[in-house]
Structures are given as C-alpha cells and as structure tokens.
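As structure tokens, the structure follows; a few thoughts come after it.
A short reminder: the numbers here are calculations on the coordinates, not readings from a lab. What you see is a predicted model, and the numbers here were worked out from it, not measured in a lab. Neighbour counts run over all protein chains shown; Cβ positions are idealised from the backbone, glycine included.
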Amino acid sequence: MASAPKQGQTLPRMPVVVPNMTAPSNDLKLTAGGASNMNENANDSTNETTPDVWDTEMQLVSSLAKLQKMEAMIHQLRTLLPERLLEPLAPIVNPKAAAGRPAPKSPQMLYEQLAQASRAGVSEVQEFQSMWRSPEMKAVWDRIDAQIKENGGRMLQPTGTWEQDYDTILAELRKEEQIQSDQQQRANEELERSKIQATEGGWRAIVEGFAQKNVPGVRVLPSQNEAAVTVVLVKAGMALKVDAIAGQDGNGVPDWRVSTKTQQGQTPSKLEIAVVQCLNARPRQWDLHYLLDMISSYSNIKQAPCLKCNRMTDNTATLPTIRKPSSVPQQATPTWEPYHQACIA
C-alpha cells in the first residue's frame, strides 16, 4: 500500500501525476506517459470500460483521490480486529495496557461498550463497501482490468508512495472550476444587460411582455409617471411595488427594489415583510423579468407547502416565504420551489 503524503509537504497543482507502476516480470517502469498509451490501447480494444470517466482532469483526479481515501480506510480497518472491537475488554484483561482507563462497572455497561464498538466497526465496513461498489470506482476497476489485459496479464504494482495528495489537488480543481463558472456567468449576464439596453421600449416592454403571459392571480400595473411597477397577488391578498434604482455596475441598466404596498395607515404583515426580504435577496438584481416571475410564484403562497417538510406552516406558524429556483433542462424560466426559512437554515 502507498503511504500518505507527509504533513506540510508542498503539493504542486499541475501537472497531475499518475502514480508510477512497475511490471513485476521485467521491472519496466510505467510512467504517466506509458499509462496514457495503455489507456488509449484499452479504449481501442475493449468496450467493457467507460472511457468518458477519463475525459477530464477533474474526473481523473477525483478517481485518484478516492483510491487514496480507500487506502487510508483499509489501514484503519486493519486495526478493527482485534484491537478496536475488543477495546472495552482491555481494562479487564490487561489493566496496565489500558492507560488508566477504568473497567466497566457492570456487565451491562461492558455489553453496551462492546455493542457500540461493534456498531461503529460495521459502519466503517459498510462505508468501505459502498465506496468500493460505487459507479465511479467500478469504472476505475474496469480500466485497471483492461490495462492488465493489455499488459499480457501482468499485475501492475505500485512503487509504494503516493507522489501527490490528490484530495488537495481535487479541492483546488473544484475551486478553479467555480471561479471559471462565476466568470462565465458574469459574462453571460453582461451580454443579457446589453440586450436589455437595446430592447425597444425599455423596461415597459418587459412588463408588457410579462403581462401578456396572463399568470393566474397576478396583475401587473406599470406606473405612468415613474420607473415602477405594482404587482397585485390576488389569491395571496398582497400588493408589492417594484422601483428602479441605480445599478451597482454603472452600465446604465437599473436594479429593481421591492417594497410592500399597503393602504395608508396600515402596517405590513410579517408575511409581506418576509416575502419582500426574500425578493430583495435574489440574484440578478437588474433582471426585471426574472423578478416578476419570482414575484408571481408567491401567488399560491397560501396553498403551496414547503418542499422539504411538506407542511404549510412551520413550528412558528409561518408559511413558506422562501423561493429557490430549480433549473429544469430545456426550460427558459426557472421553477420556483417554496421553503420555510427554518427548513433551509
């Protein structure tokens, strides 16, 4: 088994190094390049493997990280029998080796300690089995079998040392992937803002287009004197006002802020305040159509239970005031899912 990387070791992110392997019959070293060639040969000669698992660096590093974790789990499982399973007996059988731990005060206490150790051991074994039999690891085992077949049936042997900490590399890859995703999202949003600026009729055209959808229980009323929209949710008994404010990006496209619209002298209800807070915490503050669609999702707030607990009210008798988008493939607008605040905290 390969040993774990030393603490404090500097671990370069690139390139990904496949652990060196040696063929026992002729002591030829299989380098990363050699492994790549064998992978190509295996792809050409067998249909039993899953080549797409190896298409990206992320997938390769993820598989190597799992192998490292499984090796650590194997080392841990080796201490399960007899040491850890029978550890509650140590103060009785060998008090000197028990490091001052007191012996169980009763047979019942000893039984409970042994049972707890047994349950913990079974859980460890089940976790290892689950990882071993996972779809991703099955693809790894299939690839190794294909490489052994291509190598004339010779078992490839590790050199005994992991050259990289692949769990650390995987975390860095995911961080970089998230950064790239955020950059792409910002670029897409900038393009959408440009389209809004070029839209004939401006924000009024967006409001009119949304009103033509005739969402049941939703009335959209654009202001004639200012850049503002009143949205009336008939079934919910709620009216909200949407005002244009200066955009944070300074590109000429305004952001939109939601407030309650109550009759003079009336105080907004806790429900209305909670809804407004959720609406103003949304992403895409500049996207008026996105906001109107989100507001319309509250039209059935008194009939839509929380998606997590499947209840209308939580322990504080509060309705599901949170709306989270759930993107559906090939669907232009998101599906808004209701949640209680406590259910997503």
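Using the basic label-point model (7 angstrom from Cα toward the beta carbon), what is the C343 to E189 distance in nanometres?
2.7 nm
Relative to the Cα centre, what is the charge dipole magnitude of the range 66-147, using +1 at the beta carbon of each Lys and Arg, -1 at the beta carbon of each Asp and Glu, and rounding to the nearest 20 debye? Display every interim value, and only then the final one.
Details: 11 positive and 9 negative charges, 42 e Å.
Computed charge dipole of the range 66-147: roughly 200 debye.
What is the calculated FRET efficiency for A211 to T168, with r their C-beta to C-beta distance and R₀ = 41 Å, to the nearest 0.05? Show your work: numbers first, answer last.
Details: r = 53 Å, r/R0 = 1.29.
Working from the Cβ atoms, E equals 0.20.
Taking the Cα centre of the range 58-199 as the origin and placing charges on Cβ (Lys, Arg +1; Asp, Glu -1), which of Q59, W162, V122 is farthest toward the positive end of the dipole?
Sorting the options by dipole projection puts first V122.
Report the Cα centroid-to-centroid distance between the range 271-345 and the range 179-193 in angstrom, as an integer.
24 Å
Between T318 and A120, what's the calculated FRET efficiency when r is the beta-carbon distance and R0 is 30 Å? Round to 0.05. If you can, show how the numbers build up before the last one.
Values: r = 39 Å, r/R0 = 1.31.
Plugging the Cβ-Cβ distance into 1/(1 + (r/R0)^6) gives 0.15.
Efficiency by 1/(1 + (r/R0)^6): what FRET value for T335 and K69, r their Cβ-Cβ distance, R0 = 35 Å, to the nearest 0.05? Don't skip to the end; give the middle numbers.
Working: r = 36 Å, r/R0 = 1.02.
Calculated value: 0.45.
Put +1 on the Cβ of every Lys and Arg and -1 on every Asp and Glu Cβ in the range 203-344; which of P254, T267, G209 then has its Cα farthest towards the positive end of the dipole?
T267
Under a crude label model (7 Å from the Cα following the beta-carbon direction), how far is E112 from D182 in nanometres?
4.8 nm
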